[in-house]
Structure formats: structure tokens, C-alpha cells
Amino acid sequence: MKICVVGTGYVGLVAGTCFAESGNDIICVDNDVRKIQILCSGGIPIYEPGLQELVRRNVDEGRLRFSEDIVDAIKESFVIFIAVGTPSDADGSADLTGIMEVAQTVGKAMNGYRVVVIKSTVPVGTAEVIEKKIRSLTRHHCDVVSNPEFLKEGAAIDDFMKPDRVIIGTQSKKAERILRELYSPFLRTGKPLLVMDRRSAEMTKYASNAMLATRVTLVNEIANLCDRVGADIENVRIGVGADSRIGPQFLFPGVGYGGSCFPKDVRALISTGKKFGYWPRVLSAVDSVNEAQKTILVKKVLTHFKGRVRGRHLALWGLSFKPRTDDMREAPSVVIVHTLLRKGAQITAYDPEALQEARKSLETGSSMPPPPMMLSKILTPSSW
């Protein structure tokens, strides 16, 4: 099957590569010239375990290509996956500028029937808006499908190749048949392909991330309470996780969640609730508690040193929002480092994968730049 994937971030590049691995003819497009240059030269613009080898093999075998020319890619492809970013606006709502631009280009470029699949995380009702937009620009028929992704950074290839479930939001039997065929190689172990209406598919993605974010935040609340009452959170975690109704997953306390999904999706769901006259009180608390959790480690450091950290040289191991990724989006380390710097500490930090992205976030790219000359250095592996 000839497929175009628009967007070469974590979702688009992993999806395109895995579809190529199952025998499809894939062209991945992006308007970021730098990304395309990296991909065409044999590199990848992100870190994801196992992805570079998979990309190279499928490029070498002629199933995977990269281009800046979205128009030609749309014209030669039968299925178009949209996997562009939907970052948070200032009010927490999802910014759909990128996805609407792609929809407009699809409508103007398509030269026959197309299945347009939205992989991006989008507010409920977006598929209908996209379909209306595309159909207003072309005489050709298209079906717009919601197909949310459930990939964990650091394990994205396994998650795509061996999914817990695949969700298809469509009322078109033709589009359903096409996507069933496309996903059939990944569902041979009997995992379900669930077909539902588009709004339910869109909501399922947000609800899944909101549930997980709430779970992470709740165990952090319990950990904070354990500190005060003298209980051991590790024992509590094991005891709670042994309950078959709860289970042990996502019950590890820490400094709060970050990344490209949980923060923006929780806020987008809150924004959606407000738009429809409903205040999601639990989710609002989850977002608030998680932001406060990012300062917990700083408070522990200050307590240990009786508030006197000025001039102290502290080491920080781990910068990305989670292991096995270079993603610094909403990483708690940014808050930790900047707060300690403002208290007068000096920081030496190291991350096995995220050094380049960390330099951008901590030295130049952050909305909270550190005081000049206070960040001592970020170590490279050779200097560690």
C-alpha cells in the first residue's frame, strides 16, 4: 500500500518506519528542512531505541523515503497519515494550526479517493472539521479517520509492532476495510482492533492519558504523605500494586510527569471541558499537583543542607523527562536545575541520550534562562 506520513517526529517517524517494515511503500514528509536532510543522510532527528537501524534497513530496501514535497507525496499515496504536533496554547487548548495547514494542502493536492488518517492527538470533533475542510477544496471523495497513537517514548517500536489495541474511529466501511488490512500484520496475536465513531476515538486517547497521569500524580501524593507520617512508599507501592483491581503499573513515585503527551493532553481535556460548560475538577488538580511535584526534590535538597546551597556543587543524573529518550519537553529537570541555580548552587548534569536537547532547554532554549555562568557544564560521555 502506498502511504504518505506527514510529520517526522516520534509518532510519524515510528509509524512510517513500522508500516514500511511490514511491506508498505512509505514516504515521510516534513516542512522542517533540517529533519529531512538528517533523514536523507542516514541519521534520525530523535533518539528512540532501535529506530535508526529500522529506518536504515527500510531505506536500503526501497520501502521508505523522505521528502519536503508534501504535494507530490499526497498525489502518489492512497492513505495519508497526519502526525504533526498539536502543542498547548496559552489557555491549555490544543493548537491545531499545523494540522489545519496539512488538511488544506491535502484538499488542494489530492487527485482521487484518499483515506486521511489523523494520528495527531486532537480535541473531540476535529476529524469532522478536517473532513469538512478537505471536502470544501476538492471534487474527490475522502474519508477522514481518527486513529490515535499509544506509543511510549523509549519503547515506541514495540508498542507499534505489538499494540495492546488499535482504535479506528470511522463510520466508513471502506476506510475500515483498508485500515484493517494495513494493521493486520500487527494484530496476529489476537489483540483487538476496535472500531468506533470518531469522537469516541478522539476522546479515548485523551481519557487514556488522563487516567495514567492521574495515577502517576496520585502515587506522588501518597509518597509525599508517606514522608510525613513515617511510612515507606516502596512498601506501600508494592502492597497497593498487588491488588488485582489496581496492578503495579505506573505506581512509581518521582518528581512528576513530563514529556509531549501527559501535560498537554491533561490541559487540553480541561480546556475541552470548559468549552462545553463542564469543569474537570480532578484533572485540574492533577495538573496543579504535578507542577508542584517538580519542586519536591529541590525542597528535599534545601532541607538536607538547611537552606544553604549557595556555592555548593551538585550533580544531576538524568535530564530528559524519562529514560531511553532525548525528549526534554516539560522535563522536571528543567525546573529543578533552574530553581537550584537561583538558590546559588552550581550544577553539573549528565544524561546518556539527551545532552544536545538539554543544552537547548537549560542554556538557551528555556523560558527560564539560568543566571549567566552559573550552570557549570553538561558532561559528555567521554568526560564522565
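Quick note: the coordinates plus some simple rules give every number you see, no bench work behind them. These figures come from a predicted structure and were not determined experimentally. Positions of Cβ are backbone-derived with ideal geometry, glycine not excepted, and every protein chain shown enters the neighbour counts.
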Fill in the blank from the handout: To the nearest 20 debye, the range 2-196 has a Cα-centred charge dipole, built from +1 on Lys and Arg Cβ and -1 on Asp and Glu Cβ, of 760 debye
Problem - Nearest-20 debye value, the range 1-52 charge dipole, Cβ charges on Lys, Arg, Asp, Glu - result: 100 debye
Fill in the blank from the handout: Taking only Cα atoms of the range 31-115, the Rg to Rh ratio with Kirkwood Rh works out at 1.02
Exercise for the section: Would you mind computing the Rg to Rh ratio of the range 205-293 from its alpha-carbon coordinates, Kirkwood style for Rh? Expected result: 1.01
Exercise for the section: For Lys299, list the lysines whose Cα falls under 16 Å from its own Cα; do not include residues on the same chain fewer than 8 positions away. Expected result: Lys343
Completion exercise
At 25 °C in a medium of viscosity 0.890 mPa s, the range 95-160 has a Stokes-Einstein diffusion coefficient, with Rh taken as the Kirkwood radius over alpha carbon pairs, in µm² per second, of 191 µm²/s
Exercise for the section: Give the residues of the range 23-48 whose amide nitrogen is closer than 15 Å to a point set 7 Å from the Cα of Asp158 in the direction of its Cβ. Expected result: 48
Practice task
Jot down the radius of gyration and Dmax of the range 127-193, Cα atoms only, both in angstrom.
Solution key: 14.3, 42
Practice task
Counting only DSSP beta bridges with both residues in the chain, tell me the antiparallel percent, nearest 5.
Solution key: 5 percent
Problem - Radius, Kirkwood style, for the chain when every pair of distinct Cα atoms is counted (Å) - result: 22.5 Å
Problem - Alpha-carbon centroids, the range 263-279 and the range 201-249: separation in whole Å - result: 22 Å
Practice task
Determine the dipole magnitude for the range 32-144: charges of +1 sit on the beta-carbon of Lys and Arg, -1 on that of Asp and Glu, nothing else is charged, the reference point is the Cα centre, and the result goes in debye to the nearest 20.
Solution key: 380 debye
Practice task
Return an integer: the convex hull volume of the alpha-carbon atoms of the range 2-196, in Å³ per residue.
Solution key: 117 Å³
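When a/c is below 1.5 the answer is rounded, else prolate if a/b is larger than b/c, else oblate, so apply that to the range 65-125 with a ≥ b ≥ c taken from the square roots of the Cα gyration tensor eigenvalues.
Note, shape of the range 65-125 comes out prolate.
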Exercise for the section: Towards the positive end of the charge dipole of the range 1-139, with charges on Cβ (+1 Lys, Arg; -1 Asp, Glu), say which of Ile80, Thr97, Phe19 has the farthest Cα. Expected result: Ile80
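Sorting check: for 32-44, 86-98, 140-152, which peptide has the highest mean count of neighbouring beta carbons within 10 Å, and how do the rest follow?
Ranked by mean Cβ neighbours within 10 Å, highest first: 140-152, 86-98, 32-44.
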Exercise for the section: Name the residue farthest towards the positive end of the dipole of the chain from the options Ile70, Gln37, Val255, assuming +1 on Cβ of Lys and Arg, -1 on Cβ of Asp and Glu, about the Cα centre. Expected result: Val255
Handout entry: Cross-link pairs beyond the 30 Å C-alpha cut-off, checked among Lys75/Lys274; Lys205/Lys300; Lys133/Lys205; Lys162/Lys300
Key = Lys75/Lys274; Lys205/Lys300; Lys162/Lys300
Handout entry: Helix-only CD estimate at 222 nm, as mean residue ellipticity for the chain, using -39500 (n - 2.57) per DSSP H run (n ≥ 4)
Key = -13500 deg cm²/dmol
